[in-house]
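Read the structure below first, then the notes.
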Amino acid sequence: LALGTSLSPLHAQDNNEKSGTRFGLRAGLNLSTAAMNKELKQGADPKMKAGYHVGVVADIPIAGLVYAEPGILLSSRGVKVEGEGSEVTANALWIDVPLNLACRIPLTEGLQLQPLLGLNLSFGLDNKVESSDGTPEEGLINPYGQNNFDVGLNIGVGLLFRQFYAGIQYQHGFLNTCNPDPRQIGEFQTGDDPVARSRNLQFSVGYNF
């Protein structure tokens, strides 16, 4: 906020920017995984899984170069877990509500650097897990089995050229997304609860109206 306010005299705003809140479209690639405790991993190796995101954001001037950027996106995430002779893939579909603060730093005419920081609220829509060896879903532990709610940190940076946007963002979930079927609890040897927390690297392009 201090940086955005101190640099505001250097920021040449066009008529659209002075008009207040605007809206934009965002879409792109997710590379997601899950941070798991040893009870859930059981020697397996979690890998990234490719997905997508698409949605809208608002662009709200606050002070100087500082903007609020709330949004709502449909986001496909998950994780691949490689074990002995098989691969388990968890697929999760979420509604993400990012609540970001961004700072617009002018580089050249029409080009701005945009670091951002904020929170991400995620609401689960659907999830499923499948195995390459044909094991039924009921017999697998789903790292995204808690089809409910998650909250995490957003941190990223983007480039805004006039009305076109391109950026990269890291999402770091705080809550345990694993909630196994009670019938599966006996499979855990130490008695510790299985824990998985979402991680996501997000590449986005967009357009601000």
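A short reminder: the numbers here are calculations on the coordinates, not readings from a lab. Since we're looking at a predicted model, the values are computed, not measured.
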- Note on the structure: Given all pairs of distinct Cα atoms, the range 90-139 yields a Kirkwood Rh in Å of 14.6
- Query: Which whole-Hz ³J(HN,Hα) couplings does the range 91-99 yield from phi under the Karplus relation 6.51 cos²θ - 1.76 cosθ + 1.60, θ = phi - 60°, glycine and proline marked x?
  - Reply: 10, 10, 10, 10, 9, 9, 10, x, 10
- Over all pairs of distinct alpha carbons, what does the Kirkwood formula give as the hydrodynamic radius of the range 44-134, in Å? 15.7
- Message: Apply the Karplus curve 6.51 cos²θ - 1.76 cosθ + 1.60, θ = phi - 60°, to the phi angles in the range 111-124 and return the couplings in whole Hz, x for Gly and Pro.
- Response: 10, 10, 8, 10, x, 9, 8, x, 10, 10, 9, 10, 10, x
